[in-house]
Amino acid sequence: MEEYLESLFVTLKAILLLILSTIRNIFPTGWLPRKDVKGQTVLITGSGSGLGRLMSFEFGKLGARIVLWDINEDGNLETLRELESRGVEKMGVRGPENGKN
């Protein structure tokens, strides 16, 4: 009997998670609540280029304080200057050299 109840519980939980996942994928993102990052500190790795750079711009638009972390010092400084021109609170940090680049 106990195994039956446990199986039933797991099955119901799986169905509930499937329903929630479906709802999240059907409705536009604007309808669902989003975490407010205004005033929060966000560490972005790989901020010197690509996706990391774009993420730092997006989090900057949302009012987050940005900490940039990248081993590419030139790219990181370029991102830092761009954020500065947009008035974003930021700090640049050069990541450690590990010799595996």
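The values are calculated or read from the model by the stated rules, or taken from the named source; none is laboratory data. These figures come from a predicted structure and were not determined experimentally. Backbone-built Cβ (ideal geometry, glycine too); neighbour counts: all protein chains shown.
General observations
- Filter result for L51 (in contact with a strand residue (DSSP E or B) (Cβ under 9 Å, 6 or more places away or on another chain) and at pLDDT 90 or above): no
- Qualifying positions in region 80-95 - touching a Leu at 6+ places or on another chain (Cβ under 9 Å) and either within 15 Å of M55 (Cα to Cα) or assigned to a loop (DSSP other than H, G, I, E, B) (or both): L80, L83, E89, K90, M91, G92
- Considering the conditions (1) assigned to a loop (DSSP other than H, G, I, E, B); (2) small (G, A, S); (3) within 15 Å of R94 (Cα to Cα), G63 is excluded by exactly one of them, (3).
- Looking across region 66-79 at every residue that is buried (at least 21 other Cβ atoms within 10 Å of the Cβ) and part of a helix (DSSP H, G or I), the one that is modelled with the highest pLDDT is identified as T79.
- Residue list for region 37-56, filter: out of contact with any helix residue (DSSP H, G or I) (no Cβ under 7 Å at 6 or more places or on another chain) and in a strand (DSSP E or B): T41, L43
- Each residue in region 20-32 was checked for being part of a helix (DSSP H, G or I) and either charged (D, E, K, R) or surrounded by 10 or more Cβ atoms within 10 Å (Cβ to Cβ) (or both), and 5 pass.
- Residues that are loosely packed, with under 12 Cβ neighbours inside 10 Å and closer than 16 Å to G87 by Cβ within region 33-57 comprise K38, G39, listed in sequence order.
- Neighbours by Cβ (under 9 Å, 6+ apart or cross-chain): first from region 63-88, on the phi > 0 side of the Ramachandran plot and in the same structural domain as T45 (by TED's automatic domain parsing); second surrounded by 15 or more Cβ atoms within 10 Å (Cβ to Cβ) and assigned to a helix (DSSP H, G or I): G87/G60
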